[in-house]
Amino acid sequence: CWALAHHGSALRLRLPPDEHRRVVSAALRRPPRHGRGPLLLYVLDVMELPDPVLPQLPALLGPDVPAAGVLVVGNKVDLLPADCRGHLGRLRQRVAAACDRAGLRGAALVDIRLVSAKTGFGVEGLVSRLQRSWKCAGDVYLLGATNSGKSTLFNTLLRSDYCKSRALDIIDRATVSPWPGTTLNLLKFPIINPTCDRIFRRQERLKEEATKTEDQLSSEEKKYLNQLKKQGYLVGEVGRTFQGQKSSSEIEFDPDMLSYSMDEDPSCSPKKQEKREEFTHNEVKDARWCFDTPGIVKEDCVLNLLTEKEVKLVLPSHAIIPRTFILKPGMVLFLAALGRIDYLEGEKPAWFSVLASNLLPVHVTTLSDADAVYEKHAAQEFLKVPMGGEERMKEFPPLVPQDITLTGIGTTEAVADIKLSSAGWVAVTAHAEEELQLRAYTPKGTALVVREPPLLPFISAIRGVRIPGTPAYRTKKPPSFVENLRTMGSR
């Protein structure tokens, strides 16, 4: 934990799938403490659709788990650019369809919310939804795959109106890391009781904040807002209506320590060990708790093959800037050394839009040169990931192919996404009725998915002018949107 918090590194700690099921299932199968089973908050990375863990949820619960339902939270919407108006509504439909295919429907599915746990977008709405429908009826468990942003959401809820006001100073925040399996215990915070008075005061605060303009923010608020805008397309502030009472503290000092001669160095008095603040018994005897659980490790995932440094390059940490290329038959597109798409046959050029971490390089070459490019540059700076040269490639699995046939539906709408495991995906846009013969590669043991319909079907429209002499288009980052500022418009 010290290495994670202070150095951004971790030991290679992971919970095996069987151990994870045992830990989480044991927690969910506890007898209801308040006469009602827990609410499950399942955190889903929208970029990972179709979510590999969602179908496992019914089996994880089992028939003997007295859960009151599942609220699915589609996270990381801040990383995806808007390819057209209403893209959030379409994303929500994609999540709803995934839930239906996983058997999560009817009364079992409480709601679907889209949020960014990192930038705060949609979190206030999630808190309001929980307080209106769930109130304080029972405990809440956060579930989700590794790297879905579950622990980030836990930390965000901890500093929101969903948590008891004093808890922010008492509860340890969840350790946030890109490394799988870093939440090894059930962290928790007490849920505030949403009385009518508290809900009214919260609504008044939200109304007041919604009337603000960016010019009315303090310099610190503007600085923080601009930082969030650089990190994501969708931004929202998470505030607190109820502040914990701070006890007045007296300043203690030793007057003898304030006097010293010129030939003496001032010495610091030994610090008294601060007493850790704790909840009283009455504060938590009937409390309902929000638990963070260990992340579920995704099988057949490319992240399982990567080192810590490589994972940091592959997982997007800032808003994805789409990169579009126009390819002719006989051309090949590389996404680092983690994915490859060959355009084998077709009558006309097609557009390939890459949505992946901005730190991953994309290179286009010819089919005749592709194997030589991979052999020469894999694990080198040119393709970047994996890294470590020939020694690294000796242990890294080879790329394996999968043939794909697509039929275009028009030059403005992608027909499908080719999802290269968790390294990112490529949206393919082709002329109507144009048949494309493609061959896509991912490392052996990882999942390659053809996603139909695509997540962002109109993404190829977000491109600038063609760069002369290359297959690439100039692209720029679309503008950000702040949901709670009056001057920023609506979406």
Cβ-Cβ under 7 Å pairs, at least 6 apart or on other chains, region 479-490 side at pLDDT 90 or above, far side surrounded by fewer than 20 Cβ atoms within 10 Å (Cβ to Cβ): 480/229; 481/488; 481/491; 482/225; 482/488
Test: residue 418 is surrounded by 16 or more Cβ atoms within 10 Å (Cβ to Cβ) and farther than 22 Å from residue 347 by Cβ: no
Filter result for residue 449 (farther than 17 Å from residue 327 by Cα, in contact (Cβ under 8 Å) with a residue 40 or more places away in the chain and among the aliphatic types (A, V, I, L, M)): yes
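Against the definition (within 24 Å of the chain's Cα centre (by Cα) and either open to solvent by 50 Å² or more (accessible area, probe 1.4 Å) or hydroxyl-bearing (Ser, Thr, Tyr) (or both)), how does residue 368 come out, yes or no?
Values: within 24 Å of the chain's Cα centre (by Cα): no; either open to solvent by 50 Å² or more (accessible area, probe 1.4 Å) or hydroxyl-bearing (Ser, Thr, Tyr) (or both): yes.
Considered against the rule, which asks whether it is within 24 Å of the chain's Cα centre (by Cα) and either open to solvent by 50 Å² or more (accessible area, probe 1.4 Å) or hydroxyl-bearing (Ser, Thr, Tyr) (or both), residue 368 comes out as no.
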Qualifying residue in region 399-414 (condition: open to solvent by 80 Å² or more (accessible area, probe 1.4 Å), among the polar types (S, T, N, Q), in contact with a helix residue (DSSP H, G or I) (Cβ under 8 Å, 6 or more places away or on another chain) and within 24 Å of residue 437 (Cβ to Cβ)): yes
Test set (1) acidic (Asp, Glu); (2) at pLDDT below 95; (3) open to solvent by 10 Å² or more (accessible area, probe 1.4 Å) - residue 161 fails condition number: (3)
Checking residue 309 against (1) in contact with a His (Cβ under 8 Å, 6 or more places away or on another chain); (2) touching a residue at least 60 places away in the same chain (Cβ under 8 Å); (3) within 20 Å of residue 385 (Cα to Cα), the condition it does not meet: (1)
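Do we find a residue being in contact with a Pro (Cβ under 8 Å, 6 or more places away or on another chain) and either open to solvent by 30 Å² or more (accessible area, probe 1.4 Å) or under 30 Å from residue 392 (Cβ atoms) (or both) anywhere in region 464-477?
yes
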Enumeration of residues in region 445-461 that are assigned to a loop (DSSP other than H, G, I, E, B), open to solvent by less than 30 Å² (accessible area, probe 1.4 Å) and not β-branched (Val, Ile, Thr): 454, 455, 456, 457
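From the list 314, 297, exactly one residue is within 14 Å of residue 386 (Cα to Cα) and open to solvent by less than 30 Å² (accessible area, probe 1.4 Å). Which is it? Please lay out each step first, then the result.
Numbers: 297 fails: within 14 Å of residue 386 (Cα to Cα).
Result of the check over 314, 297: 314.
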Long-range neighbours under 7 Å by Cβ, at least six apart or interchain, first residue in contact (Cβ under 8 Å) with a residue 12 or more places away in the chain within region 216-244, second open to solvent by 70 Å² or more (accessible area, probe 1.4 Å) and outside any loop (DSSP other than H, G, I, E, B): 241/201; 242/198; 244/169
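Residues are listed down the side, and each one gets a yes or a no for (1) modelled with pLDDT of 90 or more; (2) assigned to a strand (DSSP E or B):
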{"site": "113", "(1), (2)": "yes, yes"}
{"site": "126", "(1), (2)": "yes, no"}
{"site": "129", "(1), (2)": "yes, no"}
{"site": "138", "(1), (2)": "no, no"}
{"site": "142", "(1), (2)": "yes, yes"}
{"site": "155", "(1), (2)": "yes, no"}
{"site": "171", "(1), (2)": "no, no"}
All strands (runs of 3 or more DSSP E) inside region 405-444 with 2 or more residues being free of Cβ contacts under 8 Å to residues at least 40 places away in the same chain: 416-420
Matching residues in region 196-223 - criterion: being surrounded by 12 or more Cβ atoms within 10 Å (Cβ to Cβ) and assigned to a loop (DSSP other than H, G, I, E, B): 212, 217
Unique match (being modelled with pLDDT of 95 or more, in contact with a Gly (Cβ under 7 Å, 6 or more places away or on another chain) and open to solvent by 20 Å² or more (accessible area, probe 1.4 Å)) among 432, 423: 432
Residue check for residue 321: open to solvent by 10 Å² or more (accessible area, probe 1.4 Å) and either of a type outside the set (D, E, K, R) or closer than 18 Å to residue 417 by Cα (or both): yes
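The values are calculated or read from the model by the stated rules, or taken from the named source; none is laboratory data. For clarity, every value in this text was computed on a predicted model and none was experimentally measured. When we count neighbours, we look across all protein chains shown, and the Cβ atoms used for this are built from the backbone with ideal geometry, even at glycine. The accessibility values were calculated without ligands, DNA or RNA, using every heavy atom of the protein model including side chains. Shrake-Rupley method; radii C 1.70, N 1.55, O 1.52, S 1.80 Å.
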